[in-house]
Structures are given as C-alpha cells and as structure tokens.
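A.B. asks: First, the structure itself, so that you have it in front of you.
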Amino acid sequence: MVKIRLQRHGKKGKPFYHIVVADSRAKRDGRFIEKLGTYNPITNPATIELNVDSAVQWLNNGAQPTDTARAILSYKGALYKKHLMGGVAKGAFDEAEAEKRFNAWLEEKEGKIKGKTEGLAKAKADAKAAALEAEQKVNSDRKAAQDAVRAEAEAAKKAEEEAARAEEEAAKKAEEAAEAESSEEKTEETAAEEAPQAEEKAEEPKAEEEPAKEEAAEEPKAEVETEEKSTVEKIAEGIGSAAAAVTKAVENVVDAVTGGNDEEKAEGEEKKEEA
C-alpha cells in the first residue's frame, strides 16, 4: 500500500518536513518513492510547496494520504483538482472548464492567504507599535517615578538641612541665652562681692578719719598745752630771773648799807644758785 506522508527533517525545535510518496511498510524517515513537496510549519502562515499535478496523479493511482498530508493537499487544492478531473472524466465539463474553475479557486485561495499574511503583518506591526508605546509609557512612568523620588529626596534633604539649620540656630540662641545668663550671674556675683568691699572701704575711711580727727584734735591741744607750758615756764623763768635780780639788788643794797659779812654773802650766793 502506498501512502502520501511527511518525512521529518530539520533541527530539534525547528522541524522541516518533506511531502513524500512511500510504501506503508517503510520506516517513517526511511526510503520513499517520490518527493511531492515541502512543508515548513515554523513560518506564519505555514510555507507549503507542492507539485499539485503529481499529487493528483498519485491520488488517482490510489495513494492514501495521512491526516496531516490530506490537510496539506486540501490547502493547496490537490483534492479539489482531483474532484474536477473526476467531473471531466464523467463528461460534466471539459478540461478547459476544469482548469478555469481551478485557477479561479486558486486565485481566491491566494487572495485569502495574502489577506491573512497582510493581516498578520499588520497585527505584528500593531503589536510592535503597541509594545513600543507601552515601553515608552513604562519608560515615561519610570522617569516620572524617578523624578518624583528625586524631588522627594531633594525635598527631604532640603527639609533636613532646614531642620539642621533651625536646630543650629536654636542651639546658638540657647548658647547665647546661657552666656547672657552666665554674664548676669557673674555681674550679680561681682556686684554682691563688691558691695561688702565698698561698705568695708566706706567704713575704713570713716574709721580712719575719726582717729585722724581725734589725733588732729589732740595734736592742737597738745601743742596748745605745750605752748602754754612753754609760756608759763618762760614767765616763771622771767619771774625767777627778776626775783633773783631783785634779791641780788636787795642784797647789794643791804651789803652796801650794812656791809654784811662773808657768810651772809655766801648764803646769798647759795640762795641765788638755788633760785
């Protein structure tokens, strides 16, 4: 029994098939009778190359296609052409009409394939544009988020700097207030220390002035007393001198009158000396 089937080729993950006519008893990828075409399922839509006339001939000879091979033959119009050739054999229409109908179907099929290809290309372009737009939106959102984070960080930094500046100013004001308070306390302490000293200084000159006044008062008094004593002594000396002179004069007179003796003269001299 002859079959129309696929023979696998290509790398792992990238299959590529040959459409072949082979004996059903042969291995899947073994020997084949004839190669009808190729099938590449990787592309979209799938790429199919098929010799339609050879496929129709093998179908007429009784070759049985597998399910996948049947779908490929139907897609490329081999089954439809076999049907038309059956009509020609029955005399329903001639071969020219069969070719005309087949070409019309083929054009319609190619139009559908072309429309699908264009649709896929358009969908791909739209998807690419949408992906690009989405990427741009993501980038824009990311940039906006980064700008927001940066702005927030700058605002936080500015607030932190302002807080630090305010704290520094507050600390400076507190330090100035503490220094002012310390200066006031020192001034009060100095004033408190100077007040007793001023009182002591005020009392000391007063205390010194009083003894000075007393001394000053005593010194004139002592001087007066000394002067009085000197005057009295001078007067006493004058009186004594006068008395001595008077006495001597009297004695002289007496001596002259009486002519006194030497003893009386001696006594007179002793008295004179005593005086």
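A.B. asks: Take the alpha-carbon centre of the stretch 71-96, take the same for the stretch 1-57, and report the distance between them in whole Å.
C.D. replies: 22
A.B. asks: Right, next: Among the lysines in the stretch 1-81, how many pairs, 8 or more places apart or on different chains, have alpha carbons under 21 Å apart?
C.D. replies: Step by step, the pairs that qualify in the stretch 1-81 add up to 11.
A.B. asks: Quick one: what are the phi-derived ³J(HN,Hα) couplings along the stretch 51-67, Karplus 6.51/-1.76/1.60 with θ = phi - 60°, whole Hz, x for glycine and proline?
C.D. replies: 8, 4, 4, 5, 5, 5, 4, 5, 5, 5, 7, x, 5, 9, x, 6, 4
A.B. asks: Let me ask another. Need one word for the stretch 2-93: rounded, prolate or oblate. Basis is the Cα gyration tensor (sqrt eigenvalues a ≥ b ≥ c); a/c below 1.5 gives rounded, then a/b vs b/c decides.
C.D. replies: The shape class here is oblate.
All of the numbers you see were taken from the coordinates with simple rules; none came from a lab. This structure is a prediction, so every number in the text was calculated from the model and none was measured.
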